[in-house]
1. Report relative contact order for the chain in percent, whole number only (criteria: Cα-Cα under 8 Å, sequence separation at least 6).
2. If we sort 116-127, 167-178, 205-216 on the protection proxy, mean other Cβ atoms within 10 Å, highest first, what's the order?
3. Within a Cβ distance under 12 Å of I273, other residues only, what is the Lys/Arg minus Asp/Glu net charge?
4. Taking a ≥ b ≥ c as the square roots of the Cα gyration tensor eigenvalues, with a/c under 1.5 meaning rounded and otherwise prolate when a/b beats b/c, else oblate, which class fits segment 6-326?
5. Mind checking which lysines have their Cα closer than 19 Å to the Cα of K350? Skip sequence neighbours fewer than 8 apart in that chain.
6. Which value in nm describes the separation of the simple spin-label points at Q175 and M397, placed 7 Å from the Cα toward the beta carbon?
7. When a footprinting reagent is the concern and you count Cβ atoms within 10 Å, what order do D345, D224, D374 take, fewest first?
8. What percent antiparallel are the DSSP beta bridges of the chain, to the nearest 5?
Amino acid sequence: MANTEVEFCGLNFKNPMVVASIEPTNSPDLIKQCFDAGAGGAIVKTLTDIEDMAQLTQNSKYSVMNAQGNIIHGKPARDFVFYSRSGYASTAYKDWIPYLKECQAYGAERDAHLIGSVGAKEISGWRDISRTIEDCGLPMVELNFGCPHPAMMPGVHGGSMIGQDPDMAAEVTRQVAEVVDIPIVVKLTPDQADPVAIAHAVKGAGAAAVTATNRYTGFAIDIDTATPQIGGPAGIGGTWTKPLSLRWVHRIHQEIGMPVAGSNGIFDHRDAIEFIMAGAGVVQIGSVLMIKGIKWLTKVIEGMERFMDEKGYHDVRAMHGIASARAAGDYSEQFARGRRYAAIDHGACKNPTCTVCIQMCFYEALSQADGKVDMHPESCIGCELCYDVCPFGAIAMAETTPAQHAAGYYDIPEGIFETDKFTTRRNNPESIDG
Ligand SMILES: Cc1cc2nc3c(=O)[nH]c(=O)nc-3n(C[C@H](O)[C@H](O)[C@H](O)COP(=O)(O)O)c2cc1C
Ligand code: SF4
Ligand code: SF4
């Protein structure tokens, strides 16, 4: 069976699935359930000295929506939208001390790690809470510079407000690095222009890794009642955010080379594997455990093992960053790649009843002939849009042969910028009627 062990910031994890700092880690009993479900690690819900942020958690509001923005009222699917507002750990950090030790020991017995998380009022708080975490024997601490909610709590400065300011993020990291020896992970906010710059700044200040990313701030509306869902702006996530998160994992992995914990957009093992292939050393799984239960984690871990066995990945390292390494560094690299062209299987094609591809080809390579799709390969740029939208699998993308190249396939058509070029074949309504 595939080996799921990973090394992250000098720590060995039995698998890369770490439960994010979130409600399923807001009590010792819940943390133990995460370890029982097989987590490689669990991050305690952010420990704090900010009373309002603890109180906010006691006033949490959740709205689970489908892709249309309607409340689900039932089983959530992978396109769920989780719109919610909560704060930090609802119990004061000092009261957590005996439980941190207990949960760390419980995790260690199951070959798993309990990781600390901090969100404090002032620099002294960031130092004290981080120090407490280390003193309790936890092997890693995450600084929560990503929470969307402090920005809407009057008098509170923290979370994404720090994560949007490279100087402040570096300063808090530096102060914490002065008082702890355990690796520091900085959790980034996506609510900003350049998380890579923040990753750079905190690395210079002593962070061993970053988490990319916490959630976005959103605003969702119930149009039937013309009111905001759950009263107004809140954190928002779901698998729809995954490609946005992966972008930052990819860039930080490629450009800075520091370890990244992937977060924001996981439903099942396939999403977790995407994060790993983008360059994440471990992944953090959060809101899906709130809508499907902590036991869902076991399925995600088993799914990853199955995938690795099926695909022949002997260990997680074999998947780590492989898609990132294959990604174009800049778009002009595409120019040097061989072009493909669309080939129509007229046996499978339902034209003239169907004209979808003709309508979707924006390069004038497809038109309506007498009862069949007419293909103009000299105009086909190989964009693959027709291939994606054909409902009957009647289009294949073919490689260009040298002979086709010599015959002028994919040369820029003569006179492409002349005005009469825009008597577009595909959009001539008469040509696609029927
Ligand atoms: C209800 C809720 C509470 C959260 N609380 C915290 C928190 O206390 N500290 C923190 O660092 N992140 C918190 N997060 C963010 C999660 O840890 C995680 O980064 C985010 O939900 C994205 O991962 P996901 O797509 O797997 O949910 C919270 C998220 C949700 C939905
Ligand atoms: S979309 Fe497919 S089935 Fe429809 S006309 Fe094009 S090739 Fe034929
Ligand atoms: S691959 Fe693109 S350019 Fe070529 S026929 Fe299809 S939609 Fe048109």
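1. On the way: 910 pairs, mean separation 57.8, N = 434.
The normalised contact order for the chain reaches 13 percent.
2. Numbers: 116-127: 22.2, 167-178: 19.2, 205-216: 26.1.
Highest mean packing first, the order is 205-216, 116-127, 167-178.
3. Details: positive: K242, R270, R306, K311; negative: D268, D271, E274, E305, E310.
Neighbourhood net charge equals -1.
4. Numbers: a/c = 1.24, a/b = 1.01, b/c = 1.23.
Note, shape of segment 6-326 comes out rounded.
5. Excluding near neighbours in sequence, the set is K372.
6. Label-label distance for Q175 and M397, simple model: 5.1 nm.
7. Working: D345 12, D224 7, D374 15.
Taking fewest neighbouring Cβ atoms as first place, the list is D224, D345, D374.
8. Values: 26 of 52 bridges.
Counting DSSP beta bridges with both partners in the chain, the antiparallel share is about 50 percent.
FYI, it's all coordinate maths here, none of it is from the lab. This is a predicted model, so every value here is computed, not measured. As a convention, Cβ positions derive from the backbone with ideal geometry for all residues, glycine included, and neighbour counts pool all protein chains shown.
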